[in-house]
1. So, of the residues in the stretch 270-286 that are part of a loop (DSSP other than H, G, I, E, B) and open to solvent by less than 80 Å² (accessible area, probe 1.4 Å), which turns out to be nearest to residue 176 (Cα to Cα)?
2. Out of all the residues in the stretch 1-12, which are buried (at least 21 other Cβ atoms within 10 Å of the Cβ) and farther than 26 Å from residue 278 by Cβ?
3. Looking only at the stretch 226-259, count every residue that is farther than 12 Å from residue 214 by Cα and either polar (S, T, N, Q) or at pLDDT below 95 (or both) and tell me the total.
4. Check 379, 362 and return the single one that is at pLDDT 95 or above, within 19 Å of residue 147 (Cβ to Cβ) and open to solvent by less than 80 Å² (accessible area, probe 1.4 Å).
5. Just give me the residues in the stretch 13-67 being β-branched (Val, Ile, Thr), in contact (Cβ under 8 Å) with a residue 60 or more places away in the chain and open to solvent by 30 Å² or more (accessible area, probe 1.4 Å), in sequence order.
6. Go through (1) within 21 Å of residue 334 (Cα to Cα); (2) over 11 Å from the mean Cα position of the chain (by Cα); (3) touching a residue at least 60 places away in the same chain (Cβ under 8 Å); (4) crowded, with 22+ Cβ neighbours inside 10 Å one by one and return the number of the condition residue 166 breaks.
7. Going by what's in this entry, would residue 204 be described as over 23 Å from residue 75 (Cα atoms), open to solvent by 40 Å² or more (accessible area, probe 1.4 Å), polar (S, T, N, Q) and in contact (Cβ under 8 Å) with a residue 24 or more places away in the chain?
8. Whether any residue in the stretch 287-303 is open to solvent by 20 Å² or more (accessible area, probe 1.4 Å), farther than 30 Å from residue 188 by Cβ and under 22 Å from the mean Cα position of the chain (by Cα) is what I want to check.
Amino acid sequence: MTDSASVAVRLNPFKQPDAGLPILEGSRQVPWSPYGRILEERPVFTLHPLFHAGCYYVQDSSAMYVGHVFRKLLSCSLEGAAGGALRGEPPRQKAMGRGPIRVLDLCAAPGGKTTDLAASLREACGSDFLLVSNEVMKDRCRILKDNVARWGDPNVAVTNVDPAAFARLEGFFDVIVADVPCSGEGMFRKDPRAVEEWSPEVVQLCAARQKRILADVWPALKPGGILIYSTCTYEEAENDDNLEWAAAELGGSIVPPENEFADWGVALTRHGNLLRVGEVPGEGQWVGALVKDGAPDSVRSGIEALEVLRPERMGLKKGEQKGKDFIPDADWALSLDFPRGRYPEVALDKPVALSYLHRDTISLPDAPLGYILVTYKGIPLGFVKNIGRRCNNLYPQARRILMDVR
């Protein structure tokens, strides 16, 4: 393996241009991710309009392993037979009449795992799911909201609360993914600051914090539900030991790990899979899972219960009425549910698309007056209001490209 960090992207299966993505030329498949690709070199993603349109997400290939474990266990949760995962039983068909599956991505920013989970859920369940993406840090939550908006899945809600707040939603979630803050050994190659901040004391501090996080969120997982627990460290105290602690103290059964990717450098630990820098293409990651003790409840509280957490983003906002004008929302254009044909469309070439994303004033002299959807390679970018000689650019100020696009 190379001594330098690899660069990988994960494609959005519901937003792909007909002509494909040029950045994929010469790329390699990520073995454990159907839409993951390892690139030959790192391009300037900021200057790719399709990046801003949500056609792909830049994510380390090792981090994609969490999505692989999620997909393996998802069918067990859908059928209400998570215990079968403990016995190595093949998945059965989805149980009927249980309502949408509910998943919590607990420590979600900047959004890599959230977008992976969203794509996996939509492929498995259609629109019959709710994914709650939570980030406790306000600044990081803003980044998370932007990335969720670009990805475009309307079934993803974003919250900005401490994990303890979810205890109010007792038994609400079928699956909780907890990629918890850790001592970061797996990031040493990529982040020199992680080396400077590491110490044995930090490991113990992180292990204690992780226990608190798991204990705080545990009531929100339904009996029979699945917890997927991951870190980017190699420390047993933060990985296998903490999963053992959760099983014993909180009440759960550890899912025995499998290793289909040993030939690709993935290792087995007592209770999970470990990806080490230099042995896999990406950075470091550890993943394990357990099933909460108890029989699944047949009736659970409604999705409206989530409103007690005051979500930062929930549902699909189409726009707002101002006087006689209905001003379409920028995120509506990016949504998978956006109805094409509702507005006139104008295809932009790359220079004009980048100018639009830079939030410059653009001119569309041949376009009709009024609100127009602008696209690049057939994929929506957002809206403008054509007023004749120029267009009012409706791209969000907070998301504008800051670097020179000329």
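1. Taking the stretch 270-286 and keeping what is part of a loop (DSSP other than H, G, I, E, B), we get 270-271, 276, 278-279, 281-284.
Those still in the list that are open to solvent by less than 80 Å² (accessible area, probe 1.4 Å) too: 271, 278, 281-284.
On the way: 271: 17, 278: 30, 281: 27, 282: 24, 283: 23, 284: 21 Å.
Here the residue is 271.
2. Result: 12, single match.
3. The qualifying residues number 6.
4. Working: 362 fails: within 19 Å of residue 147 (Cβ to Cβ).
Going through 379, 362 in turn, the sole match is 379.
5. 46
6. Of everything listed in (1) within 21 Å of residue 334 (Cα to Cα); (2) over 11 Å from the mean Cα position of the chain (by Cα); (3) touching a residue at least 60 places away in the same chain (Cβ under 8 Å); (4) crowded, with 22+ Cβ neighbours inside 10 Å, residue 166 misses just condition (1).
7. Values: over 23 Å from residue 75 (Cα atoms): yes; open to solvent by 40 Å² or more (accessible area, probe 1.4 Å): yes; polar (S, T, N, Q): yes; in contact (Cβ under 8 Å) with a residue 24 or more places away in the chain: yes.
Taking the combined requirement at face value, the residue satisfies it.
8. Filtering the stretch 287-303 for residues open to solvent by 20 Å² or more (accessible area, probe 1.4 Å) gives 292-303.
Going one step further and asking which of them are farther than 30 Å from residue 188 by Cβ, we end up with 292-303.
From the residues that got through so far, the ones that are under 22 Å from the mean Cα position of the chain (by Cα) too are 303.
Yes: the stretch 287-303 contains one or more residues that are open to solvent by 20 Å² or more (accessible area, probe 1.4 Å), farther than 30 Å from residue 188 by Cβ and under 22 Å from the mean Cα position of the chain (by Cα).
The values are calculated or read from the model by the stated rules, or taken from the named source; none is laboratory data. Keep in mind it's a predicted model, so treat the numbers as computed, not measured. Glycine also receives a Cβ, built like all others from the backbone with ideal geometry; neighbour counts cover every protein chain displayed. Protein only, heavy atoms only, side chains kept; ligands, DNA and RNA dropped before computing areas. Shrake-Rupley method; radii C 1.70, N 1.55, O 1.52, S 1.80 Å.
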